[in-house]
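Working notes for the structure below.
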Amino acid sequence: MFQTSMYTGSKKEQYQLVIKQLHALLDGETNLIANLSNASALLNQFLDRVNWVGFYLNEGGELVLGPFQGLPACVRIPLGRGVCGTAAKEQTTLRVADVHAFPGHIACDAASQSEIVVPLVKEGRLIGVLDIDSPDKNRFDETDEEMLEAFAAALVTYL
């Protein structure tokens with residue numbers, strides 16, 4: 001959910017507004033780091049009950065830490081390992097209600113209880129993943145998944 005003092009409307013409408021803001025922020029900019037930095041800052045500003053928002057980039061068969069908001073994080077994650085690596089390898093969104101129940105979970109921040117990871121795929125090529133952690137179990141629902149996938153789809157047009 002978004003901070004209610006800043007947005008009105010349904011959760012989906014709030015996400016749609018953030019996607020419009022993403023387009024406005026990134027319009028005309030082609031630098032990968034700048035665009036991912038602004039995207040992570042935008043999501044971090046508007047999502048509540050999250051403790052980490054950022055990106056891991058596909059580099060030589062592993063994910064390497066990219067721009068993020070939150071505590072220092074794991075730098076490299078093998079494809080297929082943990083939530084991020086599994087989502088990247090399978091190129092599918094993973095929404096995990098309790099990260100401690102996920103086989104092979106990599107605990108970069110002990111406060112994280114739930115997580116959603118959305119692959120960034122452009123023209124069939126894995127660019128990386130959007131990773132969002134929450135200190136609350138079961139933080140992310142179907143609307144979050146649907147709209148974060150829409151956010152990611154909008155973002156990859158600028159990458």
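Anything in the range 100-139 that is in a loop (DSSP other than H, G, I, E, B), open to solvent by 10 Å² or more (accessible area, probe 1.4 Å) and under 23 Å from residue 57 (Cβ atoms)? List them, or say none. Across the range 100-139, the qualifying residues are 102, 104, 105, 106, 107, 108, 109, 123, 124. Considering every residue within the range 43-52, establish whether at least one is out of contact with any Asp or Glu (no Cβ under 6 Å at 6 or more places or on another chain), in a loop (DSSP other than H, G, I, E, B), over 21 Å from residue 157 (Cβ atoms) and among the hydrophobic types (A, V, I, L, M, F, W, C). Checking the range 43-52: at least one residue is out of contact with any Asp or Glu (no Cβ under 6 Å at 6 or more places or on another chain), in a loop (DSSP other than H, G, I, E, B), over 21 Å from residue 157 (Cβ atoms) and among the hydrophobic types (A, V, I, L, M, F, W, C). Go through (1) open to solvent by less than 20 Å² (accessible area, probe 1.4 Å); (2) in a loop (DSSP other than H, G, I, E, B) one by one and return the number of the condition residue 40 breaks. Here residue 40 meets the rest and fails (2).
Annotation for the range 18-33: no member residue is farther than 21 Å from residue 134 by Cβ, open to solvent by 40 Å² or more (accessible area, probe 1.4 Å) and within 13 Å of the chain's Cα centre (by Cα).
Evaluation of residue 61 against the conditions (1) small (Gly, Ala, Ser); (2) on the phi > 0 side of the Ramachandran plot; (3) open to solvent by 60 Å² or more (accessible area, probe 1.4 Å) shows that the sole unmet condition is (3). Residue 91 meets all of the listed conditions (1) crowded, with 16+ Cβ neighbours inside 10 Å; (2) of a type outside the set (A, V, I, L, M, F, W, C); (3) under 15 Å from the mean Cα position of the chain (by Cα) but one, namely (1).
Inside the range 75-88, residues that are more than 14 Å from residue 126 (Cα to Cα) and buried (at least 21 other Cβ atoms within 10 Å of the Cβ) make up a count of 3.
The values are calculated or read from the model by the stated rules, or taken from the named source; none is laboratory data. As the structure is a computational prediction, the values presented were derived from the model and not from experiment. Counting neighbours? That spans all protein chains shown, and the Cβs are built from the backbone with ideal geometry, glycine included. Ligands, DNA and RNA are stripped out before the accessible areas are found, and what is left, the full protein with its side chains, is counted by its heavy atoms. Shrake-Rupley method; radii C 1.70, N 1.55, O 1.52, S 1.80 Å.
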